[in-house]
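Below: the structure, in structure tokens.
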């Protein structure tokens with residue numbers, strides 16, 4: 001359906017040649033815009049209906065006081081089902097810290113939330129297939145779980161800014177939400193407007209970059225330089241992702257274009273993870289909550305983890 005729509009627009013209405021660079025790039029752009037935004041709206045709305053039953057206060061109350069493995073499992077799961085970019089995950093991270101939840105558990109949430117979510121998983125399946133979706137989600141869960149454990153071993157609580165500990169708990173007591181179907185529908189529609197309204201430009205940017213890569217970068221150059229034989233391609237992909245800012249959904253079109261050109265799976269996964277969870281804007285926002293020592297440790301742990309994931313999948317492939 002989406003490919004037929006793109007054919008009609010690009011090759012029919014615009015009359016572009018399918019063999020041309022511009023035709024291939026624009027066809028990629030139109031098809032992915034239609035597919036990704038339809039999936040975004042549908043999945044966010046459905047998850048919004050379910051998420052309306054769960055308030056941040058309930059989340060914090062549930063996690064607080066539980067054994068470490070239970071709290072970490074819940075934090076990672078919560079991160080995986082919240083369709084937020086890294087910067088919008090930080091406020092809930094702060095709420096966890098204020099509620100006295102161990103910082104290592106909180107970091108597991110902060111890693112999982114921007115990198116894995118149900119919206120990205122569905123779009124990954126729809127665009128790249130379930131195999132890559134399973135690889136990406138599985139690797140993300142492992143990085144979130146063990147990354148939080150590594151962070152906790154360094155006792156990062158000593159590097160939290162002092163004002164965070166002084167904030168009184170219970171200041172954000174919200175009224176009981178309307179849990180009727182009409183109320184949940186209004187909440188789900190608001191979720192669609194808020195999340196799509198916040199990320200649409202990053203999704204379009206990601207699709208645009210993917211389209212340019214798909215249409216204009218020669219396959220021979222890609223296979224020679226990014227095919228996976230050279231060890232440096234994975235750490236280079238991780239470093240490339242740091243200055244870029246997007247979410248897991250926005251970077252999927254770039255990954256699609258890279259894979260179709262022959263970029264190795266591990267290199268592609270490393271770039272996706274770095275863009276989603278190790279962005280410079282996230283670091284700047286986190287600096288308001290934690291000191292440079294914790295920030296450097298967090299970035300280093302993720303960079304090493306993403307590099308190991310990339311090398312591992314390239315070796316398997």
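The values are calculated or read from the model by the stated rules, or taken from the named source; none is laboratory data. Source: prediction; values computed, not measured. Neighbour counts run over all protein chains shown; Cβ positions are idealised from the backbone, glycine included.
Annotations
- Residue within segment 282-304 that is in contact with a helix residue (DSSP H, G or I) (Cβ under 6 Å, 6 or more places away or on another chain) and more than 27 Å from residue 152 (Cα to Cα) present: no
- Checking residue 70 against (1) at pLDDT 75 or above; (2) buried (at least 16 other Cβ atoms within 10 Å of the Cβ), the condition it does not meet: (2)
- Taken as a whole, segment 45-55 holds at least one residue that is closer than 26 Å to residue 185 by Cβ, modelled with pLDDT of 80 or more and either part of a helix (DSSP H, G or I) or out of contact with any strand residue (DSSP E or B) (no Cβ under 9 Å at 6 or more places or on another chain) (or both).
- Count of segment 182-211 residues, restricted to those that are touching a helix residue (DSSP H, G or I) at 6+ places or on another chain (Cβ under 6 Å) and closer than 16 Å to residue 256 by Cβ, is 7.
- Enumeration of residues in segment 126-146 that are modelled with pLDDT under 85 and touching a helix residue (DSSP H, G or I) at 6+ places or on another chain (Cβ under 7 Å): 126, 127, 128, 132
- Of the helices (runs of 4 or more DSSP H) lying entirely inside segment 204-317, the ones with 3 or more residues being within 19 Å of residue 139 (Cβ to Cβ) and either at pLDDT below 80 or within 20 Å of the chain's Cα centre (by Cα) (or both) are found at 233-241, 248-261, 265-277, 292-316.
- If you go through segment 9-35 and keep only what is farther than 18 Å from residue 213 by Cα and in a helix (DSSP H, G or I), you end up with 9, 11, 12, 13, 34, 35.
- Members of segment 189-203 that are modelled with pLDDT under 75 and more than 19 Å from residue 29 (Cβ to Cβ): 195, 198
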